[in-house]
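First comes the structure, then the notes that go with it.
The values are calculated or read from the model by the stated rules, or taken from the named source; none is laboratory data. This structure is a prediction, so every number in the text was calculated from the model and none was measured. Note: ideal-geometry Cβ built from the backbone for every residue, glycine included; neighbour counts use all protein chains shown.
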């Protein structure tokens, strides 16, 4: 009890006596009581690692993104373990159970079954919307908490699954932001763009987004000339490029995954197609340092509304350096998974238990701040983090700059694209 | 939509894709024409060849087009050995067995590749992969133009080989009348193996032509073989000319369907055509009447 006597005194030295001191005193006493009550549980848990499922499509068509996601998740786990594990569980280490969804929803399901059998406390990941939808549904059968790392389809969080949480933004918010920002950029440039063409991949992510854009763009004064869908993987965009050339839209909006995005951009460059702007919404490669480094000419001036780290957060920049020192690219999969694992660790810390129901309850009440994203306050409503938001980026001189919102911006938008 | 600005390039693209289909179909139809078997291992062997191209580039830094010089003879030997020492002996002279043996081979090869290289999709990035040749209104991708020219070259060489060399004559003799050829002193087992070897060598060339613009994973070859079957049926089973023209035609159909029905439905035209040919002209355009 000596400690309690010291603390208010210490507080007196630095600031005036106030009711806070008394409240703190009560708080710490209460905590002390709770800790005492829980002591046996903590003792029992000590040393028992908490298993968490880390699910990504590390092989197949989405292998690159999946591997990047895994890097981010593993790095977060390493850091948590290196700094004393989950303290409320007596410093329990986190033990990742890695899963490969093989770029298919079925693959994701099979891995969740295996993870459940392995006794994981929660699952993080999924990456593609299709995989997230299937895997979280399977996890729901076992009341297994599931944190979606990227998957943006809104139905992920509107099915009423209590176990499913998404830290990042969904389609609805992204499409709305993307369109508002496009209108803003266009108006600033004197409204040079009137027509758009949408090129999207044909699974849940691309098709859903195209549908949203098709209803919202006309309302904001843009004419959608044509919407082209293609499967993943596609290895030939010549026909698509021909159609774009024939229609000659002011803006091309691609919504697809990494490989196809790169191929489309390169085919457009090859076929000398140069619209006023390439403005992607969740473009698989537009906000990727890998793309910018490997094909700087094809990437130049591409704008994107996408997940991005907070460029003003020192923690995000430290992580960037760490990833780049490893010889990897700092892509959104990395920092989103990194943040999701930290979110889960925070929930574990507060739940003080590896019990699935308690983790779900802790996630529901999460106000987690220790992430690296440019988000507002964390608040989960029906599993969706209301604070999540995308930003607009543009590739400028072999680097990726944030152009909107102005609070996070590091450069001004260049639009329309200067002629080659 | 039917403007020549996109129609002409789309047809040209289709022709160039079709050339590679034709090459794959050429191997298939040759083996069918002589051995009278459908080689189900064709797709798996193509995939294996694509992996071979991929790794000669990644590990040895050999350009895919240069690699053709070494890989074509290598795959000829592989094909020869497969027929001579695996398929031939295992079949015990029964056609149905050959069918099953090639199917078994396909499963073994594909799964061996899957085990060794996982399901990852791999690509080669070549500096010239996106170079274009300007042709009237169209920008043609250089690798495709090269592929198209190479296929025509291979077809010509193969035609000369079949017409003027003694091995070619022997192959034709075996295809026409196996027993007669045997009585005339032709080593049928050897000719079978040579034919299988040529068919496999065609795949190695096709793989070298594909890799600069295409990807490889353990199932990559199947996409081509399904199309090649259609080509063979369209052109007439066993007909080399049929395979060539059929391949080009299928390429154009695919390209135009992709253009007008959307990329997701691009291949539907091929298979509709497959069914139509089977219904209306079961012997194909150039096939001999059964």
Check your understanding: Do any helices (runs of 4 or more DSSP H) entirely within region B:180-290 hold 2 or more residues that are over 20 Å from the mean Cα position of the chain (by Cα) and within 14 Å of chain A (Cβ to nearest Cβ), and if so, which?
Key -> B:240-261
Review point. What about residue A:123, is it closer than 22 Å to residue A:159 by Cα and assigned by TED's automatic domain parsing to the domain that holds residue A:161?
Key: yes
Practice item. Report yes if residue A:196 is more than 24 Å from the chain's Cα centre (by Cα) and under 24 Å from residue A:258 (Cβ atoms), otherwise no. Key: yes
Exercise for review: Could you please let me know if residue B:18 is on the phi < 0 side of the Ramachandran plot and more than 14 Å from every other protein chain (Cβ to nearest Cβ)?
Suggested key: no
Exercise for review: Could you tell me which of the residues A:143, A:106 is surrounded by fewer than 19 Cβ atoms within 10 Å (Cβ to Cβ), outside any helix (DSSP H, G or I) and either within 14 Å of chain B (Cβ to nearest Cβ) or touching a residue at least 60 places away in the same chain (Cβ under 8 Å) (or both)?
Suggested key: A:143
Point to revise | Among the residues listed as B:140, B:105, B:113, the single one being touching a residue at least 24 places away in the same chain (Cβ under 8 Å), within 14 Å of another protein chain (Cβ to nearest Cβ) and part of a helix (DSSP H, G or I) | key: B:113
**Study point:** region A:67-101, residues that are within 14 Å of chain B (Cβ to nearest Cβ) and out of contact with any helix residue (DSSP H, G or I) (no Cβ under 8 Å at 6 or more places or on another chain)
**Key:** A:67
Check your understanding: Residues B:28, B:46, B:7, B:12: which one is more than 10 Å from chain A (Cβ to nearest Cβ), closer than 30 Å to residue B:139 by Cβ and in a helix (DSSP H, G or I)?
Key -> B:46
Point to revise | Matching residues, region B:242-290, being at positive phi and touching a helix residue (DSSP H, G or I) at 6+ places or on another chain (Cβ under 7 Å) | key: B:284
Practice item. Output yes when any residue across region A:292-299 is more than 14 Å from chain B (Cβ to nearest Cβ) and without any contact (Cβ under 8 Å) to a residue 60 or more places away in the chain, and no when none is. Key: no
**Study point:** Filtered residues of region B:116-137 (kept if outside any loop (DSSP other than H, G, I, E, B) and either modelled with pLDDT under 80 or farther than 17 Å from residue B:54 by Cβ (or both))
**Key:** B:132, B:133, B:134, B:135
